[in-house]
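What follows is calculated from the coordinates using simple rules that are stated; it is not laboratory data. Everything numeric here is computed off the predicted structure, so don't read it as measured data. Quick reminder, even Gly has a Cβ in these numbers, built from the backbone with ideal geometry, and neighbours come from all protein chains shown.
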Amino acid sequence: MQPSPFVGLTIGITVRRGDPEWVQKSSKNYLNTLQEYGATAVILAPDAPATLPGGAAFAPDPLGRLPTAVLAHLDGIVFSGGGDVDPAYFGEAHSGVEVDSIDRLRDELELTLGRAALDRNLPIFGICRGCQVLNVAAGGKMVQHLDRHRSDPDATRFHDVSFSRESRLGAVVGAPTLRVNTFHHQGIDRATLAPIFAPAGVAIPDDWLIEAYESPAHRWVMGVQWHPERIFELDHGHRRIWESFLTACREK
């Protein structure tokens, strides 16, 4: 068997909490996916130092923000799934947001790292909440509530996504549509999409809902509303997305 071409990559993963029990419970699918490809994960949390493979550590400030200098030591960053972004960050009152799921420390962590990672042209993969918070970091907003897109805890729901013909993501997947899982109650439409991003895929049948976006101005920045780290319940097209992201991380 040939060794993975991604061995040695260092990929940051944002999380809500940094203690090992929380990380294992909430982020194991991300960790397992990166481990399978031979990449090393660095946990980026608002309440614990980010420790690099060589032992160097970056501690968050009282607001949950890690020093953006940590990004210079990463080959790419994954903004992972989780709760809702506080609408105050895009100038709106609460209107459908689930208040109990808001975590201002995590918001501060991810908005700060998101803006800095975009400025550095670091490869970025935003997943579910990560897709949403990256959109807010880039100047976008959110649809605070929508129906029919959240799975029950013990029964994953699926629907198709249709890719635009000119999208990079569609070319990566190699098909005009892809079956995806769905766990969200918030989303992005054309009115709330950040100006720097272009729609890459929309939900079927809810084609007003942007399920994926990408940045034409960056070497690899994509946000998807589904959970491709749950690779055990998805087809091979999702692996192609991970491999495209990691390939971009490898190319300096």
Taking the Cβ of ASN121 as the centre, find all other residues whose Cβ is under 13 Å away and add up their charges (Lys, Arg: +1; Asp, Glu: -1).
+1
Could you tell me the relative contact order of segment 129-212? Use alpha-carbon pairs under 8 Å, at least six residues apart, and round to a whole percent.
36
Could you point to the residue in GLN186, VAL143, GLY170 farthest towards the positive end of the chain's charge dipole, with +1 and -1 charges on the Cβ of Lys/Arg and Asp/Glu respectively?
GLY170
Using unit Cβ charges (K, R positive; D, E negative) and no other charged atoms, how large, in debye to the nearest 20, is the dipole of the chain about its Cα centre?
620
Can you give the FRET efficiency to the nearest 0.05 for VAL7 and ALA56, using r as the Cβ-Cβ distance and R₀ = 22 Å?
0.60
Please give the net charge around GLU229, taking every other residue with its beta carbon less than 13 angstrom from that of GLU229, where Lys and Arg add +1 and Asp and Glu add -1.
+2
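Could you compute the net charge surrounding ARG179? Neighbours are other residues with a C-beta less than 14 Å from the C-beta of ARG179; K and R count +1, D and E count -1.
Values: positive: ARG157, ARG230, ARG239, ARG240; negative: ASP160, GLU211, GLU233, ASP235.
Taking every Cβ under 14 Å from that of ARG179, the sum is 0.
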Sticking with the crude label model, points 7 Å out along Cα→Cβ, report the distance from ILE196 to ASP160 in nm, one decimal please.
3.4
